[in-house]
4 protein chains.
Amino acid sequence: MIPVDWKSLFEPAHARPGIPGSGRATTLSNTRVVRIDWGDCDPAGIIFYPRYFEIFDASTSALFERALGMTKLETLKTYDFAGFPLVRTQARFLRPTRFGDDVAVDTKVTFGHASFEIEHRLSLKGETCVECAEKRVWVVRDAAGRLKSHLVPEEVLKKFRVI
Amino acid sequence: MIPVDWKSLFEPAHARPGIPGSGRATTLSNTRVVRIDWGDCDPAGIIFYPRYFEIFDASTSALFERALGMTKLETLKTYDFAGFPLVRTQARFLRPTRFGDDVAVDTKVTFGHASFEIEHRLSLKGETCVECAEKRVWVVRDAAGRLKSHLVPEEVLKKFRVI
Amino acid sequence: MIPVDWKSLFEPAHARPGIPGSGRATTLSNTRVVRIDWGDCDPAGIIFYPRYFEIFDASTSALFERALGMTKLETLKTYDFAGFPLVRTQARFLRPTRFGDDVAVDTKVTFGHASFEIEHRLSLKGETCVECAEKRVWVVRDAAGRLKSHLVPEEVLKKFRVI
Amino acid sequence: MIPVDWKSLFEPAHARPGIPGSGRATTLSNTRVVRIDWGDCDPAGIIFYPRYFEIFDASTSALFERALGMTKLETLKTYDFAGFPLVRTQARFLRPTRFGDDVAVDTKVTFGHASFEIEHRLSLKGETCVECAEKRVWVVRDAAGRLKSHLVPEEVLKKFRVI
């Protein structure tokens, strides 16, 4: 169980008085191109939607990798960090995609307290296919090895040019 | 592209005047038990969240299978039906689950026009781990083989005891 | 990297002189029923074959769970054990399966040295659809946290009624 | 069920007398780089092996896409073609890979009758991690919509520079 401070989590990202950079969307975003594969698609011939969440999870990692200049594995070794599990996500599916489509995924982040909000926009030839908003928690492991939420480190915020 | 009548889709499920059973939650629900497997989990040792959406998609199918008394493949052959793609979904992750966990998934549905809303509650030992709400469209194939939304057939509503 | 003693691995399972139970197929096997889901299938309407390997991996775990009387998570805590990664696998696909199919998976094991061989037979209504043979290594973590192969513990062999 | 001519399938790829190009490995191969993602890995921190087969399936498609100059979706529309389901596969796992690894996958093909054999070599920094050999059948749909094996079209062989 993640012993999360729910109250702080659901404070809006902009309500973090006295904390530098709080609630300011970073100017740093990331775009990557993803090929939709045959095996991502279902018998209707369109993508099976859980695959989008695999794509978005990797897109969140890609944004952090770009900002921090290191992979998630290196981040786990470098920072007090055990991952950024999802607290909630929501997505709208506007247009289906198919195997062979090369879609673009634009990803940006707004930092809160021990959490951050990610927006993904997945598009094909300029047209939005999926919009997704997710809230994640920065977690560390305590002495007993349990995951618990933790302030996003200042060094991380700096890399994202938020502070 | 699914040429969906977006306006009708986003009418709330309860605003379907003159249509019998409209907006009435069916009394028919379904519960199934799902084992979380090793391969569903990530390096943090907890489930990789896109797996939940695989579970929820199968839970939606299981509810329909129970109500209609036939599998999805048989439904595709029996009804004017090409699937029920997702329009939107949202989920809250309250407690992580781990490989070896046998979770219960309770699924219920409320029918709208050409769409329906599904709620899933995934729990472990009585404690809610994930809540999910999804909106899906009943689609058929037109003469050109394209997917398009269509009124949920009355026979389907009857099987769900809505009308 | 798994620093595996390759030479010992590729000794046939029956060539383990002086080691009790060596190369003797256990009489203990396991059968489980698995539903093939919509999302497991591809645009041809049949299962996307990597899903079979997910099923087989879970079937191997199910066999161990049955024999040891505990889940894989409990096994990781109870035994000197960090998993049983695959060394090789081979599969023949005789008949495709489809969403809605409830397939049976029969799984049996033959123990070697630090490795074991698993055979899976996946069938639908008594007809074999897939045959799979895999070789896995029992691994532990050394002081530095690296995975390395290790003799399958005698207690495990006893539970499998091999010795 | 795929009504496959098993006898012809298991003729070695080089035993296709009188058929031009038969059994000659094409000189055309393909290499692509694939990022191993967090969600591809299991609680041991290494890739969950069924993900390799997803990678290999996409690598086979990529080779065909490169040779034919069109995506699989376009191939389905252009040729008498309903996919190339797997008949058998075998893989050896020599070194595990981890999230953040950018692996190279080299793929080559040898054509048989109605089937072809694919070899994949997945490597990290020049070191082989996985070797895979698969046999696939070229299938078409008959009048009743069933999948059946079919000679690989000559135009396809020409594009692969085999004839």
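Mind listing the phi-derived Karplus ³J(HN,Hα) values for region C:37-49, rounded to whole Hz, using 6.51, -1.76 and 1.60 with θ = phi - 60°, and x for any glycine or proline?
Coupling constants for region C:37-49: 9, 3, x, 7, 9, 10, x, 7, x, 10, 4, 7, 4 Hz.
Give me the percent relative contact order of region D:59-163, please, defined on Cα pairs under 8 angstrom at least 6 residues apart.
For region D:59-163, the relative contact order is 27 percent.
If you take the accessible area of A alone, add that of D alone, and subtract the area of the pair, what total do you get in Å², probe 1.4 Å, to the nearest 100?
Summing both sides, the interface buries roughly 1200 Å².
Per-residue HN-Hα couplings for region B:72-85, Karplus 6.51 cos²θ - 1.76 cosθ + 1.60 at θ = phi - 60°, whole Hz, x for Gly and Pro?
3J(HN,Hα) across region B:72-85, in whole Hz: 4, 4, 5, 4, 4, 7, 8, 9, 6, 7, 10, x, 9, x.
In whole Å, what three semi-axes, largest first, describe the equivalent ellipsoid of region A:55-97 built from its Cα gyration tensor (square root of 5 times each eigenvalue)?
Output for region A:55-97: semi-axes of 26, 13, 7 Å.
Would you mind pulling out the separation of the Cα centroids of region C:90-163 and region D:27-73, in Å?
24
Quick one: 3J(HN,Hα) in Hz for region C:119-134, Karplus 6.51/-1.76/1.60 with θ = phi - 60°, rounded, Gly and Pro as x.
Using θ = phi - 60°, the values come out as 10, 10, 10, 9, 9, 10, 6, x, 9, 5, 9, 9, 10, 9, 10, 10 Hz.
Could you tell me which of the pairs A:Lys77/A:Lys159; A:Lys77/C:Lys77; D:Lys77/D:Lys148 are separated by over 20 angstrom between their Cα atoms in the structure shown?
A:Lys77/C:Lys77
Could you give the semi-axes, largest first, of the ellipsoid that matches region A:28-145, computed as the square roots of 5 times the alpha carbon gyration tensor eigenvalues and rounded to whole Å?
28, 14, 14
How fast does region B:83-137 diffuse by Stokes-Einstein, in µm²/s, taking the Kirkwood radius from C-alpha pairs at 20 °C and 1.002 mPa s?
D, rounded to a whole number, is 177 µm²/s.
Distance in nm between label sites at B:Asp142 and A:Glu74, each 7 Å beyond Cα in the beta-carbon direction?
5.1
C:Asp102 label point, 7 Å along Cα→Cβ, cut-off 16 Å on backbone N: hits in region C:108-150?
Correct set: C:123-127.
Enumerate the amide H contacts of A:Ser115 below 5 Å, restricted to partners 5 or more residues apart or on another chain; note that Pro and chain-start residues carry no placed amide H.
The answer is A:Trp138, A:Val152.
Under a straight-distance cross-link criterion of Cα-Cα below 15 Å, which aspartates and glutamates are reachable from B:Lys158, leaving out those fewer than 8 residues away in the same chain?
Within reach: B:Glu65.
At 1.4 Å probe size, with no ligands or nucleic acids counted, give the accessible surface of A:Trp38 in Å², nearest ten.
So the heavy atoms of A:Trp38 present about 20 Å² to solvent.
Ignoring ligands, DNA and RNA, how do C:Thr78, B:Thr97, C:Thr71 rank by accessible area with a 1.4 Å probe, largest first?
The most accessible residue leads, giving C:Thr78, C:Thr71, B:Thr97.
Add +1 for every Lys or Arg and -1 for every Asp or Glu among the other residues with Cβ under 13 Å from the Cβ of D:Leu73, and state the total.
Residues near D:Leu73 contribute -3 overall.
The values are calculated or read from the model by the stated rules, or taken from the named source; none is laboratory data. Just so it is clear, the structure is predicted and the values come from calculations on it, not from any experiment. Heads up, the Cβs are rebuilt from the backbone with ideal geometry, glycines too, and the neighbour counts pull from every protein chain shown. Please note that ligands, DNA and RNA were not included when accessible areas were found on the heavy atoms of the full protein model with its side chains. Shrake-Rupley method; radii C 1.70, N 1.55, O 1.52, S 1.80 Å.
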